[in-house]
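Visitor: I am attaching a structure below and will ask some questions about it afterwards.
The values are calculated or read from the model by the stated rules, or taken from the named source; none is laboratory data. Here the structure is a predicted model, which means the values were calculated and not measured. As a convention, Cβ positions derive from the backbone with ideal geometry for all residues, glycine included, and neighbour counts pool all protein chains shown.
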Amino acid sequence: MNLLHPPFVHFVVALPVVALFSQFTYMVTKDKSYSKAALRIIAFSFLTSILAVLGGINDAQRVIENNNILQEGLAFLNSHKIAGFMVVFVLLATTLTKWFAISKDSKLLENVSLILIIITLAGALYQGRSGGELVYQYSAGIENKIVIERVKELNLK
């Protein structure tokens, strides 16, 4: 199964780590170029998150249509989708706050940006964990023959 979602989500998880490092570096050195780099990184993460959500919606529909998920995983898939939208909205808020912090040269908004980057990172890591659970616990996106074998194993236990 050719999935669109996984290649994009890796950026959504990794880029906030780099943005956090850049924001910390700015706060220590007071060099504006690090603050601007954090904005660019978090903005790219936001754009990538949109692609991750669009790919996730497409992939989820295909997974459901092809029965490539255990029945128990459908509710978990829905909660993963909702949490994904929340990560996108936090990334949008983080990007806008960071942009205003630079535009207004505001120390307060720079501190708020740091907190939002940390929240973004926590949300992205949670999403990565739940996405892994979908694949490894509920067989989301795995071919039908493997899912059938896994259901047989669960029924034997």
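Visitor: Every residue in the range 75-125 that is polar (S, T, N, Q) and surrounded by fewer than 17 Cβ atoms within 10 Å (Cβ to Cβ), please.
Guide: Across the range 75-125, the qualifying residues are Asn78, Ser79, Ser103, Ser106, Asn111.
Visitor: Turning to a different aspect of this structure: Hey, Asp59 hits all of (1) within 19 Å of Val12 (Cα to Cα); (2) of a type in the set (Asp, Glu); (3) at pLDDT 95 or above but one; which does it fall short on?
Guide: It is condition (3) that Asp59 fails.
Visitor: Filter the range 1-53 for residues that are among the acidic types (Asp, Glu) and assigned to a helix (DSSP H, G or I) and give the result. Steps first, answer last, please.
Guide: Keep residues of the range 1-53 that are among the acidic types (Asp, Glu), which gives 31.
Result: no residue meets the conditions.
Visitor: For the range 107-157, give me the residue count where each residue is assigned to a helix (DSSP H, G or I), charged (D, E, K, R) and over 22 Å from Lys81 (Cβ atoms). Can you show your working first?
Guide: Step one: filter the range 107-157 for residues assigned to a helix (DSSP H, G or I), giving 107-136, 144-156.
So of that shortlist, the ones also charged (D, E, K, R) come out as 107, 110, 129, 133, 145, 149-150, 152-153.
This time we only want the ones that are over 22 Å from Lys81 (Cβ atoms), so: 107, 110, 145, 149-150, 152-153.
Residues in the range 107-157 being assigned to a helix (DSSP H, G or I), charged (D, E, K, R) and over 22 Å from Lys81 (Cβ atoms): 7 in total.
Residue-by-condition table, conditions (1) under 22 Å from the mean Cα position of the chain (by Cα); (2) within 21 Å of Gly131 (Cα to Cα); (3) aliphatic (A, V, I, L, M):
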site	(1), (2), (3)
Phe21	yes, no, no
Met27	no, no, yes
Lys30	no, no, no
Tyr34	no, no, no
Ala43	yes, no, yes
Leu47	yes, yes, yes
Ala52	yes, yes, yes
Asn58	yes, yes, no
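Visitor: Report, by residue number, each residue of the range 98-149 that is in contact with a helix residue (DSSP H, G or I) (Cβ under 9 Å, 6 or more places away or on another chain), over 16 Å from Leu39 (Cα atoms) and among the polar types (S, T, N, Q).
Guide: Gln127, Ser130, Gln137, Ser139
Visitor: While we're on this one: Say we look at the range 19-34 and pick out the residues that are touching a helix residue (DSSP H, G or I) at 6+ places or on another chain (Cβ under 6 Å) and over 17 Å from Ala93 (Cβ atoms); which of these is surrounded by the most Cβ atoms within 10 Å (Cβ to Cβ)? Break it down into steps so the answer makes sense when it comes.
Guide: Looking only at the range 19-34, we keep the residues that are touching a helix residue (DSSP H, G or I) at 6+ places or on another chain (Cβ under 6 Å), and these are 19-20, 22-23, 25-26, 34.
From what is left, the residues that are over 17 Å from Ala93 (Cβ atoms) are 22, 25-26, 34.
Values: Ser22: 21, Thr25: 16, Tyr26: 23, Tyr34: 18.
Result: Tyr26.
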